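Contents: one structure, followed by commentary.
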Amino acid sequence: MGRANLSSAVLIAAAADLADREGFDVVTLSALARRFGVRTASLYSHVRDRSALLDGVHELALGELADRVAVAVAGRSGRAALVALADAHRDYARQCPGRWAALQRPAAPSTVESAGAGRLVALTMAMLRGYQLPEDELVHAVRLLGSTVNGFLALTANGSFGHREPPADTSWQRALEALDTAFRSWPVERTS
């Protein structure tokens, strides 16, 4: 592929593919330059630096995940929507491990403000509103959901759950049942 076909979007997509194939830490501008048969310096007119490239992969992954979550939760509410949302995250982590790793890095301000991030947050909040949680409690519920799902997926990815029976899939179902119970019984009056 020649230099004329390069763009920021092309480089970010190629970086995401490289991350899925070989690991997120392998993604560098020099690796992309080799992939496209150009000098690393020629990429700087499309991507500011490695950090900007990784931010681009992060934003791409947020958009892709938001698309998957939207399809998964459509027409569902309560426990069914919770399971669909969590399973969409888990499927994405399994199918796109490099992109999933990009989601685990601290988000740049531009990433936080991206359309994909906005859609993913809106979908998550809408799912939680189905539990009739007070608006001022939603941020806490989002944090509980995110830490449970991301923590479980991170521990699964590093093999922490592979040493003992029953299989991790059973624990995943238990975790989702526990989240459903927590959201259905969320305290409406705060004591602190």
Only one of Arg50, Arg34 that is out of contact with any helix residue (DSSP H, G or I) (no Cβ under 7 Å at 6 or more places or on another chain) and basic (Lys, Arg): Arg34
Selected residue (criterion: farthest from Leu54 (Cα to Cα)) from residues of the range 79-120 that are crowded, with 16+ Cβ neighbours inside 10 Å and β-branched (Val, Ile, Thr): Val83
Every pair of residues 6+ apart whose Cβ atoms lie under 9 Å, when the first sits in the range 56-74 and is within 11 Å of Leu123 (Cα to Cα) while the second is assigned to a helix (DSSP H, G or I) and polar (S, T, N, Q): Val69/Thr124
Candidate set: the range 2-24, residues that are in a helix (DSSP H, G or I) and either at pLDDT below 95 or more than 25 Å from the chain's Cα centre (by Cα) (or both); chosen: the one surrounded by the fewest Cβ atoms within 10 Å (Cβ to Cβ): Ala4
Residues that are among the polar types (S, T, N, Q) and in a helix (DSSP H, G or I), drawn from the range 45-83: Ser45, Ser51
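The values are calculated or read from the model by the stated rules, or taken from the named source; none is laboratory data. These figures come from a predicted structure and were not determined experimentally. Reconstructed Cβ throughout: ideal geometry from the backbone, glycine too, with neighbour counts over all protein chains shown.
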